[in-house]
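Following: one structure in structure tokens, then a few remarks.
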Amino acid sequence: MGLRGSSATVGTMRIRHTVAAVLAVALTTAGCGSSDSGGDDPVEATSSSATAPSTTATATTTEATAAATSATCGDDLLARLTLRQKLAQLLNVGVTSAADAQAVVESEQIGGIFIGSWTDASMLTDRLVPQVAAQSALPLMVTIDEEGGRVSRVGDLFGPDPSARETAQTMTVDETYRMAFERGQELKSLGITVDFAPDVDVSSQPDDSVIGDRSFSDDPEVVTQYAGAYARGLIDAGIMPVLKHFPGHGSASGDSHTGAVTTPPIEQLQQSDLVPYRSLVSPEVGVMLGHLDVPGLTGGLPASISPAAVDLLRSGAYGGPAFGGVIFTDDLSGMRAITDTYGITEAVEAAMVAGVNQALWLTTDEVPAVLDHLEQVVAEGTLSPEWVDESVRTVTRAKGALDC
């Protein structure tokens with residue numbers, strides 16, 4: 001993949017000395033309304049006024065407070081961030097080591113880091129993630145691929161978990177929940193905040209194929225039950241699960257690591273691949289878009305950079321709930337379904353224009369160039385400042401920096 005060491009990264013970074021100080025002020029002074037303000041409870045306030053006339057004035061005040069909070073949530077925080085700092089919150093970048101991670105967090109205050117198979121194992125074994133996160137004025141999203149089976153980053157540290165397919169064949173749903181809860185606690189102890197799991201693809205592919213044993217089953221109801229239990233276990237352990245690969249990789253042709261991939265038509269995905277999302281999408285999860293060309297939906301684009309795919313998920317037009325949480329791309333720098341056509345700056349631009357909140361790729365060296373490019377994209381009007389602000393709200397809310 002052409003990975004470069006942290007010394008090169010540090011040498012090419014443009015250090016922005018004021019970033020941490022500005023963001024620290026933003027955090028301590030941001031007014032976004034607490035859960036006690038009534039910001040999430042206008043219905044309850046209305047109900048109270050209907051059943052107890054003497055509380056009408058209080059209920060009306062609560063409703064007004066809720067409306068004001070909804071309109072201004074995070075505005076103080078946003079006002080203290082430069083455009084570059086806002087855009088940096090929308091990047092999730094793979095790191096080679098704790099030093100590499102610390103350098104890019106200090107210099108650009110990016111929103112998230114990704115710990116991959118190539119990351120120096122000492123970052124986890126020596127529990128260095130909190131040291132890196134401490135350099136971020138806003139909470140740092142620390143992501144990892146930990147599905148169990150052949151996709152595992154902590155198996156050597158905590159012991160292996162079975163693949164999804166083996167889990168569904170040998171364990172009960174309750175046992176799956178307990179396994180995920182335990183793994184989630186282990187991840188949390190390392191400073192991890194997000195797991196790119198469970199895989200909710202519906203697949204009968206051979207075990208060693210691109211999805212294969214990463215899928216719980218070729219029965220969408222079984223996938224829903226087991227993936228749902230796995231996601232609940234992670235949530236209860238304090239880890240945000242990320243459902244993948246929307247809108248469904250299980251019956252697709254090929255491997256997006258090695259080239260373009262096409263799924264069955266959207267009408268067919270509605271009957272199988274999209275079924276688990278209808279039950280599992282919630283405000284407590286993230287969703288990852290696959291690099292999947294979906295006939296009848298994406299018009300030849302990979303779903304990860306397709307406005308139509310993002311709209312399908314956001315609107316709930318797939319038959320499930322509308323989704324207001326964090327949308328991630330799959331890796332934009334190491335998978336030929338993207339890199340055969342797009343450089344990293346163009347890929348990140350395309351993802352954000354499509355409406356994705358977290359652009360994911362594998363190396364830190366490109367961060368300054370990507371941010372330079374995104375600033376220009378906003379200046380040209382291709383990406384609106386209003387969308388950037390709303391996306392920052394979505395991301396910081398998921399990270400706990402906003403409670404409204």
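Tabulated data
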read-out	value
Restricting region 210-231 to residues that are more than 19 Å from the chain's Cα centre (by Cα) and among the aromatic types (Phe, Trp, Tyr), the residue that is nearest to residue 395 (Cα to Cα)	226
Selected residue (criterion: nearest to residue 286 (Cα to Cα)) from residues of region 210-223 that are part of a loop (DSSP other than H, G, I, E, B) and aliphatic (A, V, I, L, M)	211
Residue within region 343-355 that is outside any loop (DSSP other than H, G, I, E, B), in contact with an Asp or Glu (Cβ under 7 Å, 6 or more places away or on another chain) and either of a type outside the set (Ser, Thr, Tyr) or open to solvent by 30 Å² or more (accessible area, probe 1.4 Å) (or both) present	yes
Any hit, region 254-263, residues being modelled with pLDDT of 95 or more and of a type in the set (D, E, K, R)	no
Members of region 238-251 found to be assigned to a loop (DSSP other than H, G, I, E, B) and either open to solvent by 10 Å² or more (accessible area, probe 1.4 Å) or closer than 19 Å to residue 358 by Cβ (or both), listed by number	238, 239, 247, 249, 251
In region 264-276, the residues that are open to solvent by 10 Å² or more (accessible area, probe 1.4 Å) and over 21 Å from the mean Cα position of the chain (by Cα)	264, 265, 266, 267, 268, 270, 271, 272
Verdict on residue 364 being part of a loop (DSSP other than H, G, I, E, B), among the β-branched types (Val, Ile, Thr) and open to solvent by less than 10 Å² (accessible area, probe 1.4 Å)	yes
Residues (in a strand (DSSP E or B) and hydrophobic (A, V, I, L, M, F, W, C)) located in region 86-145	91, 93, 95, 113, 114, 115, 141, 142, 144
Failed criterion for residue 357 (all others in (1) touching a Lys or Arg at 6+ places or on another chain (Cβ under 9 Å); (2) in contact (Cβ under 8 Å) with a residue 60 or more places away in the chain hold)	(1)
Selection from region 247-268 of residues that are in contact (Cβ under 8 Å) with a residue 40 or more places away in the chain and within 21 Å of residue 164 (Cα to Cα)	247, 248, 249, 250, 251, 252, 254, 255, 256, 257
Subset of region 367-396 [touching a residue at least 60 places away in the same chain (Cβ under 8 Å) and open to solvent by 30 Å² or more (accessible area, probe 1.4 Å)]	375, 385, 389, 393
Scan of region 152-172 for residues that are within 18 Å of residue 240 (Cα to Cα), in contact with a helix residue (DSSP H, G or I) (Cβ under 8 Å, 6 or more places away or on another chain) and open to solvent by 20 Å² or more (accessible area, probe 1.4 Å), ordered by number	153
Residue list for region 146-167, restricted to those being outside any loop (DSSP other than H, G, I, E, B) and at positive phi	148
Residue that is farthest from residue 280 (Cα to Cα) [pool: residues in region 187-209 that are open to solvent by 30 Å² or more (accessible area, probe 1.4 Å) and under 21 Å from the mean Cα position of the chain (by Cα)]	189
Residue in region 332-342 that is farthest from residue 256 (Cα to Cα), counting only those that are in contact (Cβ under 8 Å) with a residue 40 or more places away in the chain and either among the aliphatic types (A, V, I, L, M) or crowded, with 22+ Cβ neighbours inside 10 Å (or both)	338
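The values are calculated or read from the model by the stated rules, or taken from the named source; none is laboratory data. Predicted model only: the values in this text are computed from it and were never measured. For neighbour counting, all protein chains shown are included, and Cβ atoms are generated from backbone atoms with ideal geometry for every residue, glycine included. For accessibility, only protein heavy atoms count, side chains too; no ligands or nucleic acids. Shrake-Rupley method; radii C 1.70, N 1.55, O 1.52, S 1.80 Å.
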